[in-house]
Amino acid sequence: MWTANSRSVGLAKIVIPFKPHKYQQEIFQSLKRFSVLVCHRRFGKTVLCVNLLIRWALSSKKRAWRGAYIAPLFRQAKAIAWDYLVYYCKDIPGVKFFSQELRADFPGGSRIMLLGSDNPDSLRGIYLDAAIMDEYADIKPQVYSLIIAPAITDRKGSAIWMGTPRGHNHFYDIWQQAQGNPDWYHATYKVTDTDVLDPDELARRKGEMSEDEYKQEFLCSFEAAIQGAYYGTLMEQAEAGGRITGVPWDPIMQVHTAWDLGIRDRTVIWFTQLSPGGEIRVIDYYENEQESLEHYVNYLHSKPYVYGTHLAPHDIKVKELGTGRTRIEVAEKLGLKYTVVQNIPIFDGINAVRSILPRCWFDKTKCKDGIEALKQYRKEYSQLLKTYSDHALHDWASHPADAFRMLAVGMESIAPTTPIIKLKIPDYAQQRGAWML
């Protein structure tokens, strides 16, 4: 059992009904302000996360201490961590639970929140003394840099990144950043390093999984292929073939864009050029969220590109409830003319992407986030059936992948490449629509 000195409830000690195994105890004793933990499946990391937050909430001397457990999705936070939070706080006098907000308030002002990175609004504007990001490989990369890092800055709060690998993505980057840094703690717990799981059960799991699945989930391999990834092999081939590199903009060719338009979700834009030889040069990438269409039109204006075709999904023709106008009508008033891509089944669109990826060259710097999303875009895994479904997992990689699908499906709508003989850069402030060809 864990005990914690408690200032908030007026008792010398509070007993928490959690008995950590020796590896969880090792983590607790070794944590620094910034810690990266790569743990095999069923290690008990979520239970550890919740109990760390409870212990800190009880013992912190900071006024109105705030701690957050952040999962990739809000519904995951509820399904995975809420019951643990309620159970381990059951013997603490005066704790109030708010099930709708997934929040526990402690006497004295401390608070624990369970959050999801799929709702960035729930993360903005708060301060944090401790942030634990679980399954960080599945959390949108910008969540830490744009939201969590500012939230912990003024209070000099701590951050923990935890999870199992998903290839060389942002979790791999943060794990690499921790290597050799004396101010950070990092540890990897492979199933071969622990005795947490029953050997017979582990052998059974190994027999049911592919070699890459087992390496990724239980041996914590960043090198194993991402399971269920639609474009994983093709993106590996692009990298091995030197097609993820520096891809400069060619000013004598038009730039075409492919969009996934969101209102509450993200809007994503890919910028491409088609060479006379049939290469698809992916030269730029942009994403943002909760911005008006005018913001994105102005962003296009800010680029020196001469544009050709702008590809958008079919739902751009849907009328907005507030205005009664479609987004395609709004765009035309702003001087942007979209070509609406044919509405075909998603799986057919995925196959269209597969057909063009061998022709694609990606700028590794400007398109870094989009490239990672294409690597990560994958099928949804059913825990009940222990298999991958026919549906795509909706997470941070979905919107970039959807926008790239517009490029693949709408490729026939793009006119054959012709050099721009005379390049005229108009005064955008005076000529809102003059930049269109």
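The values are calculated or read from the model by the stated rules, or taken from the named source; none is laboratory data. Remember, it's a predicted structure, so these values are computed and weren't measured experimentally. Cβ atoms come from the backbone with ideal geometry, glycine included; neighbour counts cover every protein chain shown.
Computed quantities for the displayed model
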quantity: Residue check for residue 190: at pLDDT 95 or above, within 27 Å of residue 35 (Cβ to Cβ) and among the basic types (Lys, Arg); calculated: yes
quantity: Test for residue 186: is it surrounded by fewer than 22 Cβ atoms within 10 Å (Cβ to Cβ), under 14 Å from the mean Cα position of the chain (by Cα) and not acidic (Asp, Glu); calculated: no
quantity: Flag if residue 70 is in contact with a strand residue (DSSP E or B) (Cβ under 9 Å, 6 or more places away or on another chain), assigned by TED's automatic domain parsing to the domain that holds residue 163 and in a helix (DSSP H, G or I); calculated: no
quantity: The lone exception for residue 59 - which of (1) over 26 Å from residue 141 (Cβ atoms); (2) under 23 Å from the mean Cα position of the chain (by Cα) it fails; calculated: (2)
quantity: So residue 225, is it outside the structural domain of residue 280 (by TED's automatic domain parsing), part of a loop (DSSP other than H, G, I, E, B) and over 18 Å from residue 135 (Cβ atoms); calculated: yes
quantity: Residue within the stretch 336-358 that is modelled with pLDDT of 90 or more, of a type in the set (D, E, K, R), assigned to a strand (DSSP E or B) and under 17 Å from residue 403 (Cα atoms) present; calculated: no
quantity: Subset of the stretch 228-246 that is among the small types (Gly, Ala, Ser) and part of a helix (DSSP H, G or I) - its residue that is nearest to residue 359 (Cα to Cα); calculated: 238
quantity: The stretch 194-210 - residue that is without any contact (Cβ under 8 Å) to a residue 12 or more places away in the chain and either of a type in the set (D, E, K, R) or in contact with a Cys (Cβ under 7 Å, 6 or more places away or on another chain) (or both) and, of those, nearest to residue 162 (Cα to Cα); calculated: 195
quantity: Residue within the stretch 134-148 that is closer than 29 Å to residue 17 by Cα and in a strand (DSSP E or B) present; calculated: no
quantity: Of all residues in the stretch 237-256 being without any contact (Cβ under 8 Å) to a residue 40 or more places away in the chain and surrounded by 12 or more Cβ atoms within 10 Å (Cβ to Cβ), the one that is farthest from the chain's Cα centre (by Cα); calculated: 250
quantity: Total residues in the stretch 81-95, condition within 16 Å of residue 106 (Cα to Cα) and either over 32 Å from the mean Cα position of the chain (by Cα) or small (Gly, Ala, Ser) (or both); calculated: 6
quantity: Among the candidates 340, 330, residue that is touching a residue at least 12 places away in the same chain (Cβ under 8 Å) and under 26 Å from residue 396 (Cα atoms); calculated: 340
